[in-house]
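Before any comments, here is the structure.
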Amino acid sequence: MDGIVKRNDNGARERVAWGVLLVSFAVWLALLIAVPALALRYVERARRPMVLAVQADEGTVGLSDALGRRPAVLAGEPPHFVEGQASILTNAPDTASVQVYTPDESEILARMVLYGATNLEIIQAESPRFRWSSAESELELVLEAGRVRIVLPPRDGRPLRLVVQTPQGGEVLLQQAGQYTVDVSNLETWVDAQEGEAVATSAGATMPLSSGQAAVLRLDSPPQGPMSTSRNLIVNGDFNNGLSGWDAVAWDIQRRDQSEGITSVVDTRGEKVLRFHRVGEGFAGTEVYQPIDQNVVDLESLQLLVTLQITNQSLEVCGQVGSECPLFVVIDYEDVYGSNRSWQQGFYAFGTPIPGYTPDSCLSCGAPLNPHVRVPMHELRSWESDNLLEKLAQENMEPRRIDRLRLRAQGHTFETQVFDVALIVR
């Protein structure tokens, strides 16, 4: 009997040993599968906040960040950098610019211009922490009131999903490079895809928008549209295709012992920009131009939009007669009386206008004499004109046909970058 009991005890111990071995193997196998799966899940979902650079173009801009800080952003100051979330408020006479960068600040993902009386909440601005992740970068905005212009530069890397929520319960999805405007009032939201493609959603219904189309979003109503309300007359205004569509003019040099400048399209944080660069003494100038040949009779509106940065300038303001700005934007046109005219807007970064010494307009350019616009050195600035059809009609110079648009750079030593230019007709 003792032998039988011992054999039973040994068998029980063997079964326990095998059970422990099988359970251990199962746990090891589960860990072998679970740990990489959890690591992959973490790599896929881990996020980092994007970097937001907020600056005041005009006036004083209110800013609140995720840490509860509420600095006042003043025009002329360097940009304020915040991460991830922010609330931005402009009063009626103020404008602000926001540049959205990747977490390492190596690439720009979006540029935004906030006009007067605008309240914008950036509630999410995140990118995947690891480059191996296949997830999108996400930028989610709530536009409570006002108007914002959004520029999405072309990108070859990770896609950006940008969503704008509206007070009427609507939503605007932007996923393609282009230029867009969202305008919110108490009763409705106006969405304008100047270039690119958007999807407007309201009351459970969606409406795709392509370049030159717009839609209206109202409370508890499907989107109304699409409406063809605006069109950009400029081709390749973001220079993503180099100088395609543009013609470059040879440099004009006053002193032959001095060097010419360089006109090129360069890459700046993943964005293509037009660059005029010259170092030397004496006058030098060049331009690029694009033929347009567009009749504008019976149109309601003509607006110029340009985003630029001046990083070097030796002459104060634009020289002694106001003609040597590091950037002029010139519109050549035929007026309703058949005369050929030019409208020009100059930009400078350095100096103070003084009558008789450094005038604030181009005295040799002919009427109309538009005051030069100061863009502080190294500051990225988006500028938008008034309705030029109305403005020129008041001066008895109303356009009938737009001939061409020129980007002209002049001075001694200067460096100017043009990020985008658009001529919008409605």
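The values are calculated or read from the model by the stated rules, or taken from the named source; none is laboratory data. Just so it is clear, the model here is predicted, and its values are computed rather than measured. Backbone-built Cβ (ideal geometry, glycine too); neighbour counts: all protein chains shown. Remember, those area values only see protein heavy atoms, side chains included, never the ligands or the DNA or RNA. Shrake-Rupley method; radii C 1.70, N 1.55, O 1.52, S 1.80 Å.
For the chain, modelled as a GNM with alpha-carbon contacts under 10 angstrom, which of Val27, Val73, Val249 fluctuates the most?
Val27
Quick check: net charge around Ser323, other residues with Cβ under 15 Å of its Cβ, Lys/Arg +1 and Asp/Glu -1?
-3
Taking every Cα atom in the stretch 252-330, find the radius of gyration and the maximum pairwise distance Dmax, and write them in Å.
Cα radius of gyration and Dmax of the stretch 252-330 are 15.9, 51 Å respectively.
Starting from 0 in steps of 5 Å, tell me what percent of the Cα-Cα pairs of the stretch 150-288 lands in each bin.
Going from the shortest bin to the longest, the percentages are 2, 9, 16, 15, 13, 10, 9, 8, 6, 5, 3, 2, 1, 0.
Pull out the extension gain between Asp247 and Ser364, defined as 0.36 nm times the separation in residues minus the alpha carbon to alpha carbon distance; nm, one decimal.
Going from the current span to full extension adds 39.7 nm.
P(r) of the stretch 59-208 in 5 Å steps, Cα pairs, percent per bin?
Final binned percentages: 2, 9, 19, 22, 21, 15, 9, 3, 0.
Counting only protein heavy atoms and a 1.4 Å probe, tell me what percentage of the stretch 233-345's accessible area is made up of carbon and sulfur.
42
How many Å² of accessible area per residue for the stretch 113-154, probe 1.4 Å?
37
Give the Kirkwood hydrodynamic radius (Å, one decimal) of the chain, defined as one over the mean of 1/r across all pairs of different Cα atoms.
Kirkwood hydrodynamic radius for the chain: 24.4 Å.
Which one, His80, Gly59, Pro93, is farthest towards the positive end of the dipole of the stretch 41-132 when Lys and Arg carry +1 and Asp and Glu -1 on their Cβ?
Toward the positive end, the furthest listed residue is His80.
Which residues among the stretch 244-263 fall inside the zone where the amide N is under 20 Å from a point 7 Å beyond the Cα of Val279, along Cα→Cβ?
Flagged as within label range: 251-263.
Under a plain spin-label model, where a point goes 7 Å from the Cα along Cα-to-Cβ, how far apart in nm are Leu299 and Val16?
9.1
Which whole-angstrom value gives the distance between the alpha carbon centres of the stretch 306-321 and the stretch 221-257?
So the two Cα centres are separated by 21 Å.
Restricted to Cα positions, what overall size does the stretch 41-123 have along the principal axes? Three whole-Å values, descending.
47, 24, 18
If the stretch 324-426 were replaced by its equivalent ellipsoid, with semi-axes equal to the square roots of 5 times the Cα gyration tensor eigenvalues, what would those be, largest first, whole Å?
Value: 25, 16, 12 Å, ordered largest first.
Give the accessible area for Arg401 in Å² (nearest 10); use a 1.4 Å probe, count only protein heavy atoms, and leave out ligands, DNA and RNA.
Around 60 Å² of this residue is reachable by solvent.
Report, to one decimal in Å, the Kirkwood hydrodynamic radius for the stretch 189-236 based on all distinct Cα pairs.
Taking the inverse mean of 1/r over all distinct Cα pairs, the stretch 189-236 comes out at 10.8 Å.
Going out from 0 in 10 Å bins, what whole percent of all Cα-Cα distances in the stretch 117-177 drops into each bin?
Spelled out bin by bin, the stretch 117-177 gives 20, 50, 25, 6, 0 percent.
Expressed as an acute angle from 0 to 90° and rounded to the nearest 10, what is the orientation of the C-alpha long axis of helix 2-45 relative to the principal long axis of the chain?
Its long axis makes an angle of about 0 degrees.
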